[in-house]
Structure formats: C-alpha cells, structure tokens
Amino acid sequence: MKRLILLSVALLAVICSRAQSDSVPPLRPVTAAYMLQAGSSSVADSYLSPLTYRGWSAAFAYERMQAMKFDPDNWVMRLDARIELDRGRNYARNATSWRIDALFSWGMMHRWRLTPALTLAAGASTAINGGCIYNPRNSNNPASAKLAWTVGATGYAAYNLRIGRLPLTLRYQPDLPLAGLFFSPEYDELYYEIYLGNHDGLVHFAWPGNRFAMTHLLTADLHFGATSLRLGYRALTFSSKANNLVTNIYTHAFVIGISGEWLSLSQRHSLSRDARIISALY
Amino acid sequence: MKRLLNLILPLLTLIIAGACHEIPQYADNPRGNFDALWRTIDEHYCFFREKNIDWDDVYARYSPMVSDKMTQEELFIVCAQMLDELRDGHVNLSSSFNTSYYRKWWSDYPQNFNERIIEEHYFNFNYRQTGSVIYGILTPNIGYMRISSLAYSIGEGNLDNILYYLRTCDGLIIDLRDNGGGAMTAVETIVSRFITERTLAGYISHKTGPGHDDFSEPYPYYYEPAAQGRILWGKPVAVLTNRSTFSAANNLVSLMKLLPSVSIVGATTGGGSGMPFSSELPNGWGIRFSAAPVLDPLGNTTEFGIEPTEGCAVDLDPQAALSGHDTILDFAITHLSN
C-alpha cells in the first residue's frame with residue numbers, strides 16, 4: 001500500500017510538472033537563411049525568338065521557416081522570397097537576352113519526425129511571381145512579361161547528422177505549383193494593343209499541363225555554433241504554353257548562404273526556463 | 001496504397017511529359033536556316049490574304065535553290081528574294097554583312113520631294129527647328145511644319161511652341177513626305193492637337209495562332225484631345241504626302257484624312273500598316289515582318305497606301321523644281337489660301 005501511494009504521488013508530480021510545462025508557450029525560433037545563387041540558365045520564349053539563349057543565372061534568396069503557433073510540433077510555415085537574373089546568348093552569339101523574375105511564396109507543411117534525425121514534411125504553398133524576358137534586339141516585341149499567382153504542393157525531407165564533430169542538416173525541398181492564374185499575351189499581340197485597352201485572352205488558368213514550374217532545392221546547413229553555413233543546389237524547370245506561345249526556362253545554380261535560428265525577445269514576456277524550443281527545421 | 005500509387009504515378013508521368021512544351025528547332029545550315037525563315041513567316045506574317053500570296057508555292061519555287069554547299073552570301077540572296085515576294089517595306093532580313101529591303105514600294109514611284117527646295121527657295125534657310133521638326137511661316141501667311149520622322153516622340157512643349165508661333169497663320173501645312181514612320185505614340189501626340197473630343201483612331205488586330213487566317217477581332221482604339229492648357233489647332237490643314245510616307249506616318253495620314261478641314265495633298269502614301277515583329281534564324285540573322293495589322297477608323301486596310309483627298313493629287317513637277325518650285329507645296333498653299 002505504501003508503495004502504491006508513493007507511485008501515485010510520483011505520477012501526480014510528473015503530471016503536474018508536465019501540466020506546468022505545457023502551460024508555458026514553447027519557443028518557436030525562426031530559421032532564416034540568406035542565400036546567393038550562381039549557375040547556368042537556358043531560356044527560350046517563342047514570343048521573342050524560337051532560339052534558346054544560354055548563359056549565367058544569379059539570384060538572391062531569403063528563406064524563413066517557423067513552427068506554427070497552433071500546433072508547433074507538427075506544423076511549420078515557410079516563406080521564400082527570391083529575385084533571379086539570367087543573361088543568355090543565342091547560338092550564333094550575336095544577341096543577348098535577359099530574364100528577371102521575383103518570387104514571393106508562403107507555405108504551410110505538416111511534418112512527421114520519423115526518427116530523431118529524419119523529418120518529412122508535406123503541405124501547400126501559394127506564390128506570386130512576376131518578371132520579364134527582355135531581348136533588346138527586337139523591335140515591337142522586345143519583352144515577354146511573366147506574372148502568375150499559384151497554389152501548389154511543397155514539402156521537405158530533412159536529415160540531421162554529424163561529420164566528425166560538425167553537425168549538419170541535409171534537406172531536399174521540391175516545390176510544384178498545381179493551380180492558379182497566369183498572364184500571357186496572345187500569339188502576336190503587341191503590348192501596345194494591351195496598352196490601348198484590349199485585355200482579352202491575357203489571363204489563363206494554370207495547371208502543370210500548361211504551366212509547369214518545378215523547383216528543387218538541396219541544402220546542407222553546416223552548423224558552426226549559432227550560425228550555419230548553407231551550401232546547396234537549386235534547379236528550376238519551367239515550361240509554359242498559352243496562346244500558342246511557349247516559354248522554356250531551365251536554371252541550375254549553386255547556393256551559398258548563411259542560416260541560423262533567431263528568437264524574438266520581448267521585454268514584456270520574459271523567457272521561461274521551462275519553455276520548450278521547437279525548431280522549424282533543425 | 002499500391003492502388004493509389006498505380007493511379008498517381010502514371011498521372012504524374014503524364015503531367016510532366018505533357019508539361020514540357022517544345023519550340024521547333026532547325027539546324028544551323030543553309031537548309032535549316034531557310035526552313036526556319038520560311039516557317040517563321042508562314043506562321044507570323046499577317047498579309048497573305050490581302051496580297052494573295054501562296055506561301056507554299058513560294059517555298060516550292062525557292063527551296064530548290066538552297067544547297068548545303070552554298071555560302072552565307074548566296075543563302076542571303078535566296079532568302080532576301082523570297083522575302084521580296086511579300087512586297088512589304090516592313091520585311092527585312094539582317095545579317096552582319098547586309099540587310100535586305102523590299103524597295104519597290106517607293107522606288108517604282110516618283111519621289112515628289114526635295115527638302116533643299118523648301119529650305120532654300122521658300123525659307124532662304126531661315127526656318128526654325130526643334131527636334132525632328134522644322135517650321136516657319138510661308139507667304140502668304142501659311143504655317144509650315146515638316147516632320148521628318150516619328151522615331152522619336154515629339155514633346156508636348158515643342159508642339160505648343162510650334163503651334164503658338166504659327167497661331168496667326170490662316171492655315172497649316174504638315175509635310176510628311178519622306179517620313180518613314182516610327183512610334184505610334186508620336187502619332188497620338190500629334191493627332192491630339194487636331195481633335196476636340198474622343199475620336200476613333202482605328203482598329204488594331206493581331207494573329208492568334210500560326211494559321212494564315214488566325215486573327216483577333218479588330219479592336220477599336222481612341223485618341224483623346226490634348227490635355228487642358230495645351231494648344232489645339234482648329235484652322236484648315238493640308239498634309240503633304242509622297243510614296244515614302246510610310247508606316248506610322250501612313251497611320252497618321254489615315255487619321256488626319258478623316259478630320260474636318262484637313263486635306264491630304266500630294267501622292268498616295270507608301271502604306272506599311274502592319275506593326276512589325278522581330279525574330280531570328282539559327283545562324284543569328286534577324287528577321288522583321290508585319291504581324292499586327294492596323295486598320296483606319298473606317299475599318300479599311302491602309303497597307304497599300306492612302307490616296308490624297310479628292311482633287312488634291314499632285315506630283316512634284318521636275319521642271320518647276322529646277323526653278324525652285326515645289327508644286328505640291330504650292331498647291332497646298334493655294335488650297336489653304338482659298
């Protein structure tokens with residue numbers, strides 16, 4: 001009996017302690033990364049030219065991940081902002097084209113910690129991106145504007161390991177828009193005609209069959225103390241067809257950046273020693 | 001789970017395979033470049049019907065001239081001759097050693113213009129100039145402005161100064177001879193000084209696909225009068241034209257002709273009503289071609305030129321020119337003075 005009472009008291013103590021711990025909101029650090037990209041591009045836009053322009057690709061990207069407040073153990077959000085610049089030359093190397101594109105994407109993913117080291121996540125994201133491909137050689141069709149709003153699928157697989165004494169996090173994150181709206185001029189329509197007010201046939205429902213835009217991101221975050229060095233690779237495969245106009249864009253880029261986890265501290269809310277820290281990625 | 005994968009995987013494969021859209025590619029050799037040129041024109045040129053051109057027949061006639069042993073110069077000649085079949089001043093083939101032009105649209109006609117006669121014998125070289133516009137007052141009290149190009153927009157302030165300087169004149173001559181065109185926005189800037197209300201300026205259309213008859217419905221577009229505070233012109237106007245009045249200048253004439261108190265004086269314009277697009281061949285040669293037809297406010301094509309106002313068709317008399325007389329200009333002065 002004495003043993004039973006002791007066990008009950010111990011159990012109660014654990015439950016109380018757990019309850020006390022749960023009453024303290026967990027800390028949800030922001031995993032932020034600033035990245036530079038450099039690599040190659042292949043761009044063809046039949047509104048401008050049937051030829052493919054090949055050259056370099058560069059980008060600056062910002063990524064932010066955080067566990068969601070409503071269920072921080074299982075849900076994370078991801079914000080991805082990126083601006084890309086490509087320059088390519090045609091096969092004859094007597095003309096140049098430029099591509100600039102800005103993307104802002106926000107997504108939410110459910111994650112499963114399959115093992116202490118391996119996490120899988122899947123969810124949805126919505127993105128706005130806009131830019132243009134510019135070919136200064138052309139007269140009345142020098143630019144092809146790109147504008148889209150999409151919703152799609154995203155997810156990641158992250159694996160924590162050590163190489164020697166260095167901890168690192170490997171991640172693969174694909175992103176595939178599945179539906180949305182995008183802009184395309186008609187086949188030989190001048191932007192001047194659009195300027196004059198003819199807006200027919202410019203907006204299209206997007207699905208992967210007419211606007212396929214898949215991004216693959218592979219990263220390795222090497223944790224040197226509070227800040228991590230991010231090395232990675234990003235590939236974009238884009239192919240669209242609307243109004244008999246085809247655009248194909250392929251980029252492969254090496255990624256380098258810094259990442260880390262940051263906590264916003266408030267003077268009004270002091271940190272509790274009992275608060276759990278729930279990381280979004282690491 | 002297996003059943004689900006059996007459904008998803010083929011669907012995903014189908015989507016990814018269908019999602020990669022191809023742009024037809026041609027080899028960078030004489031045959032490939034010739035075929036690429038023919039195909040580009042076939043799919044994008046906009047006046048096959050108006051000009052009754054059988055483009056397949058053109059291929060059948062020119063294709064045998066192409067050989068993989070021919071030089072770039074020889075290929076250029078064959079390609080340029082094929083493009084001449086389009087009889088279009090907006091069609092060019094550009095290489096590093098030559099640019100092809102179809103010149104018969106103006107070379108088969110009298111030029112009807114000699115700038116020097118006006119500058120010397122009418123102004124004694126004492127005219128005013130701003131940008132691409134020269135202007136002054138002719139005897140007896142007729143304003144004159146020559147717009148040599150629309151490649152650069154004429155500033156609103158420049159137009160104010162010109163029209164203010166000529167405000168006391170009884171009429172205005174706008175000389176568009178030898179004006180090869182330029183920007184449509186420059187047309188709007190000029191026309192806005194001669195209208196007092198929103199005015200139908202014409203219709204614009206474009207190809208919607210590669211078929212020869214794939215066109216959008218002509219879209220009407222309108223011009224507004226110049227903003228309040230700008231100087232408008234309401235007195236009689238004579239617009240001088242010759243065969244080299246082309247493209248955007250041709251469009252300007254098509255609008256001016258339908259305005260009250262405006263006469264078109266001189267010769268039929270050169271046309272050029274298709275807004276040109278650009279493309280290129282695998283070897284890097286540039287192509288320019290008419291792709292988007294612009295119609296006049298009555299819905300008619302002006303690709304073949306615009307005739308002068310009835311009773312105002314005049315040629316420049318070469319004999320009179322020798323003694324310093326521009327008979328087209330003289331006609332316009334008399335027309336406005338009366």
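Only the coordinates and a few stated rules stand behind these numbers; no lab work does. Small disclaimer: the values here were computed from a predicted structure and weren't measured. Positions of Cβ are backbone-derived with ideal geometry, glycine not excepted, and every protein chain shown enters the neighbour counts.
Looking at this model, which pairs from B:235/B:257; B:104/B:257; B:69/B:104; B:51/B:207; A:241/B:207 are more than 22 angstrom apart at the alpha-carbon? Table pairs above 22 Å Cα-Cα are B:104/B:257; B:69/B:104. Taking K and R as +1 and D and E as -1, what net charge do the other residues with C-beta under 10 Å from the C-beta of residue B:235 add up to? Cβ neighbours under 10 Å give a net charge of 0. Longest stretch of chain B clear of exposed loop sites (trypsin sites (Lys or Arg not before Pro), DSSP loop, at most 12 other Cβ atoms within 10 Å, sites excluded): B:199-338. Amide H to amide H distances under 5 Å link residue A:246 with A:46, A:47, where only residues 5 or more positions off or on other chains count and H is placed in the peptide plane. Amide H contacts of residue B:303: B:273, each under 5 Å away and 5 or more positions distant or on a separate chain (H built 1.01 Å from N in the peptide plane; Pro and chain starts excluded).
Return the loop-located chymotrypsin sites (Phe, Trp or Tyr not before Pro) in segment B:120-182 (DSSP other than H, G, I, E, B) with at most 11 other Cβ atoms within 10 Å of their own Cβ; answer none if there are none.
Working: sites: B:122, B:123, B:125, B:127, B:135, B:144, B:152, B:164, B:165; in loops: B:123, B:125, B:127, B:152.
Here the sparse-neighbourhood loop sites are B:125, B:152.
Near residue B:294: Cβ cut-off under 10 Å, other residues only, Lys/Arg at +1 and Asp/Glu at -1. The net charge is -3. A simple rule links phi to the HN-Hα coupling: the Karplus curve 6.51 cos²θ - 1.76 cosθ + 1.60 with θ = phi - 60°, which for segment A:123-128 gives x, 10, 9, 10, 9, 10 Hz, with x for Gly and Pro.
Add +1 for every Lys or Arg and -1 for every Asp or Glu among the other residues with Cβ under 9 Å from the Cβ of residue A:125, and state the total.
Numbers: positive: A:78; negative: A:80, A:175.
Result for the local shell: -1.
Just to be sure I follow the definition: excluding the sites themselves, where is the longest run in chain B that has none of the GluC sites (Glu not before Pro) in a DSSP loop with at most 12 other Cβ atoms within 10 Å? Numbers along the way, then the final one.
Working: sites that count: B:22, B:197, B:310.
By the stated rule (loop sites, at most 12 other Cβ atoms within 10 Å), B:23-196.
Tell me what the protein assembly as shown gives for mean residue ellipticity at 222 nm when only DSSP H runs of n ≥ 4 count, each as -39,500 (n - 2.57), the sum divided by the residue total, rounded to 500 deg cm²/dmol. So the helix-based figure for the protein assembly as shown works out to -6500 deg cm²/dmol.
Couplings 3J(HN,Hα) of segment B:271-277, computed from phi: x, x, 9, x, 5, x, 10 Hz, in residue order, whole Hz [Karplus 6.51 cos²θ - 1.76 cosθ + 1.60, θ = phi - 60°; x for Gly and Pro].
Taking the centroid of alpha carbons for each part, segment A:188-247 and segment B:165-207 are 41 Å apart. In chain A, once you exclude exposed trypsin sites (Lys or Arg not before Pro) (DSSP loop, at most 11 other Cβ within 10 angstrom), what's the longest stretch remaining? Counting at most 11 other Cβ atoms within 10 Å as exposed, the longest clean stretch of chain A is A:166-267.
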